[in-house]
1. Based on Cα coordinates alone, diagonalise the gyration tensor for the chain, multiply each eigenvalue by 5, take square roots, and list the semi-axes in whole Å, largest first.
2. For the chain, which cysteines have no second Cys with its Cβ under 4.7 Å from theirs?
3. In percent, how large is the relative contact order of the chain, given Cα pairs closer than 8 Å and 6 or more residues apart?
4. Mind pulling the angle between the C-alpha long axis of helix 36-48 and the longest principal axis of the chain? Nearest 10 degrees, somewhere in 0 to 90.
5. Please state the charge dipole magnitude for the stretch 19-66, taken about the Cα centre, from unit charges on C-beta atoms (+1 on K and R, -1 on D and E), reported in debye and rounded to the nearest 20.
6. Give me C102, C13, C90 ranked fewest to most by other Cβ atoms within 10 Å of their Cβ, as a rough exposure proxy.
7. Residues with beta-carbon under 15 Å from that of T23, excluding T23: net charge, scoring Lys, Arg +1 and Asp, Glu -1?
8. Taking 0.36 nm per intervening residue step and subtracting the Cα-Cα distance, what contour gain separates R66 from C96 on full extension?
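Derivation of every value follows stated rules applied to the coordinates shown; laboratory data play no part. Computed from a predicted structure; not experimentally measured. In this analysis, Cβ positions are derived from the backbone assuming ideal geometry, glycine residues included, and neighbour counts consider all displayed protein chains.
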Amino acid sequence: MLITREVDYAVRCVLDVARTGHTSTGAVAERAGIPPSILGRIVAAVSKAGILTTRRGVKGGIDLARDPSEISLLDVIEAVQGPLFVNICCEHPETCDAATNCPIRPVCEDAFDELRRVFSVTYDTLLNGGHVPLRPFVQEE
């Protein structure tokens with residue numbers, strides 16, 4: 001899984017709005033270092049996913065659509081680049097001839113589950129300086 005530049009910008013945009021509350025796209029672009037030409041597309045995608053709300057006009061701008069405790073990094077990632085998966089066979093087993101008895105598939109599914117768990121950290125946790133710790137690796141005997 002690759003975090004694209006667009007996802008990085010979306011994460012920064014939502015974090016900025018979570019910090020500041022009601023704001024303008026111009027202010028977000030400046031504070032978060034996001035090119036304004038890209039920010040419009042990002043705000044549209046994240047708004048369509050129900051993470052941000054937008055209003056035009058004198059009192060217009062952008063706001064969070066939900067409380068920061070209800071918005072995760074995973075929500076933002078998937079709003080911009082679609083469903084997260086480690087390997088196509090985990091998401092669509094019908095595409096792989098060996099999916100039913102593949103020794104690697106369970107490993108990919110575990111990696112997928114862990115990746116989703118880590119990216120499920122919410123914006124309120126991020127705002128308070130926290131993150132989801134990785135589980136210590138314990139080798140089975």
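1. Details: eigenvalues 232, 62, 26 Å².
They are 34, 18, 11 Å, listed from largest to smallest.
2. C13, C90, C102, C108
3. Computed over the chain, the figure is 24 percent.
4. Its long axis makes an angle of about 70 degrees.
5. Details: 8 positive and 2 negative charges, 28 e Å.
Around 140 debye, computed over the stretch 19-66.
6. Exposure proxy ranking, most exposed first: C102, C90, C13.
7. +3
8. Numbers: separation 30, 0.36 × 30 = 10.80 nm, distance 3.84 nm.
Answer, rounded to one decimal: 7.0 nm.
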